[in-house]
Amino acid sequence: MNNMNQMMKQVKKMQEQMMKAQEELGTKSIEGTAGGGVVNVIVNGHKKIQSITIKPEAVDPEDVEMLQDLILTAVNDAMSKAEELANKDMGKFTGGMNIPGLF
């Protein structure tokens, strides 16, 4: 029975550490870029867009599709980096297993 109590304490401690790590992800910023930096997207570790910056030279009224593509590329770059960060930060608790809904 003592082993069970000790194991429950360890589980509770690990849950607290995971919650703290999850909260800390929200405070981290990740930058995605496209077009050599003419479009920048900042997301947090929870994959929420914080800002989008578009330099004037990226805006061509004759080529709106290019700007749309640059924005998509920058957003996808930032989201991919945020996913890598979450996997790295939370992976130490899951042993590298991808647990759906955890992060």
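The values are calculated or read from the model by the stated rules, or taken from the named source; none is laboratory data. On a predicted model such as this, the values are computed, not experimentally measured, just so you know. With ideal geometry, Cβ positions are generated from the backbone for all residues, glycine too; neighbour counts draw on all protein chains shown. Accessible surface is based on the protein model in full, side chains and every heavy atom, while ligands, DNA and RNA are left aside. Shrake-Rupley method; radii C 1.70, N 1.55, O 1.52, S 1.80 Å.
Overview of results
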item	result
Entries of LYS12/LYS48; LYS12/LYS81; LYS13/LYS88; LYS13/LYS92; LYS9/LYS47 with Cα pairs more than 22 Å apart	LYS12/LYS48; LYS12/LYS81; LYS9/LYS47
Percent accessible area from carbon and sulfur atoms, the stretch 28-93, protein chains only, probe 1.4 Å	52 percent
Förster radius 22 Å - calculated FRET efficiency between SER29 and GLN68 (Cβ-Cβ, nearest 0.05)	0.40
Net charge over other residues, Cβ less than 12 angstrom from the Cβ of MET19 (K, R count +1; D, E count -1)	0
Sites SER51 and SER80 - FRET efficiency at Förster radius 25 Å, r taken between beta-carbons, to 0.05	0.90
Of ILE52, ALA86, THR73, farthest towards positive along the dipole that unit charges on Lys, Arg, Asp, Glu beta carbons give the chain	ALA86
Cut-off 15 Å between beta-carbons: net charge of the residues surrounding LYS88, Lys and Arg +1, Asp and Glu -1	0
Options ASN5, GLN17, GLY37, ranked by Cα towards positive dipole end of the chain, top entry (Cβ charges)	ASN5
The chain - charge dipole about Cα centre, Lys and Arg +1 at Cβ, Asp and Glu -1, debye rounded to 20	1100 debye
Solvent exposure of the stretch 28-93 as accessible area per residue, Å², 1.4 Å probe	60 Å²
With Cα atoms, 0 to 90° folded angle of helix 2-25 axis to the chain main axis	10 degrees
Diffusion constant of the stretch 28-93 at 37 °C, which comes from Stokes-Einstein with the Kirkwood Cα-pair radius and 0.692 mPa s, µm²/s	268 µm²/s
Spin-label model distance (nm) - LYS9 vs ASP60, 7 Å beyond Cα toward Cβ	6.6 nm
